Amino acid sequence: MAIWDFLSGQFIDVIHWTDDTRNTMVWRFERHGHEIKYGAKLTVREGQAAVFVHEGQLADVFMPGLYLLETNNMPVMTTLQHWDHGFRSPFKSEIYFVATTRFTDLKWGTKNPVMLRDPEFGPTRLRAFGTYAIRVTDPGRFLQEIVGTDGEFTSDEITFQIRNIIVQEVSRVLAASGIPVLDMAANTADLGKLVATEVAGTLAEYGLTMPELYIENVSLPPAVEQALDKRTSMGLVGDLGRYTQFSAAEAMTRAAENPGAAGGGLGAGLGAGMGLAMGAQAARQGPWGAAPAAATPPPPPVEHVWHLAEGGETRGPYSKADLGRMASAGEMTRQTYVWTAGQDGWKRAEDVDELAQLFTVLPPPPPGA
């Protein structure tokens, strides 16, 4: 092998990365013991970033573009500069490609119910789940804080930590929202944006952002859902009496359709008895199936009250019973002027038919009076 062929084998001319796994976030460019050639071409495609690590320290970050690695301060060393090491340079430069596209359809959910005070139901437990997306916005920080020296880092390795952060914020936001459980379905979009905002500060420390978070469902415990379903069913049933009649009619129909089944005779007899009872009830209720309304007594008559006029002054009002006692005591005479609502002006008591009878039960004046 010619010496130049050997030397050319020590160099890498093109550095690039293509990926179709859809879940790889960071991939280390493997050199297989070769150094990077001075003047090599670095290709960084859209949705990628290249991070150079030299001697264990982050050296530079390259965004999408085509780069020619020939700057003297680049952390790239070749074996030609270190003949005494036999083409084995002690200076190592590693290149990590970081995907900066969105990683979508990542799942989150509350492992345990969230305790809160509902305005309508009181203390309540809720569960929630949904999806979210993340994106690397600071490749250098992401490499330092999360990836480290991992040669191939996937989204599965960080979703567990992010899920814990989301659940913590979801629990706090739901408990502090004050939104009734029955109205949360109409507010999931706003709640999702609020949770994403609260999570953003923690993710920024990892070099990540959360472009979107969705709350797909907020559910109650099974026992509470069953009680709520019963309450809803009662509202749909409405008239319990009519619902009972309808259920009995359905039972009779099923018994009639299966006369030979086991217990058919008993079912038929029971259905006939129920039918007679329903018929009697329908007869009592009338032709339209509605129970006749009980006779309502007429309103009591309105009692007149009276006013008296004596010496230019009025007294009253007095009831007819009061006037009867006054007539017996001599406090009101036939000549006393009286008035009541609806009467045309003042009249003498003896001229009012209703009051004239009060004086007929009195004895006439004695002779010579």
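Evaluate the following for residue 176: is it modelled with pLDDT under 90 and surrounded by fewer than 19 Cβ atoms within 10 Å (Cβ to Cβ)?
Yes: the conditions hold for residue 176.
Considering every residue within the stretch 304-323, establish whether at least one is modelled with pLDDT under 75 and in contact with an Asp or Glu (Cβ under 9 Å, 6 or more places away or on another chain).
yes
Need at least 1 residues that are at pLDDT 75 or above and surrounded by 11 or more Cβ atoms within 10 Å (Cβ to Cβ) per element, so show me which helices (runs of 4 or more DSSP H) inside the stretch 189-299 make the cut, counting only ones lying wholly within it.
Result: 222-237, 240-257.
Cβ-Cβ below 7 Å, separation at least six or inter-chain, first residue in the stretch 334-362 and outside any strand (DSSP E or B), second exposed (fewer than 13 other Cβ atoms within 10 Å of the Cβ): which pairs?
Listed pairs, sorted by first residue: 336/310.
Quick one: residue 51 ticks every box in (1) at pLDDT below 90; (2) assigned to a strand (DSSP E or B) except a single one, so which number is it?
(1)
Looking only at the stretch 141-149, decide whether some residue is outside any helix (DSSP H, G or I) and more than 28 Å from the chain's Cα centre (by Cα).
yes
The values are calculated or read from the model by the stated rules, or taken from the named source; none is laboratory data. This one's a predicted model, so the numbers in the text were calculated from it and none came from an experiment. In this analysis, Cβ positions are derived from the backbone assuming ideal geometry, glycine residues included, and neighbour counts consider all displayed protein chains.
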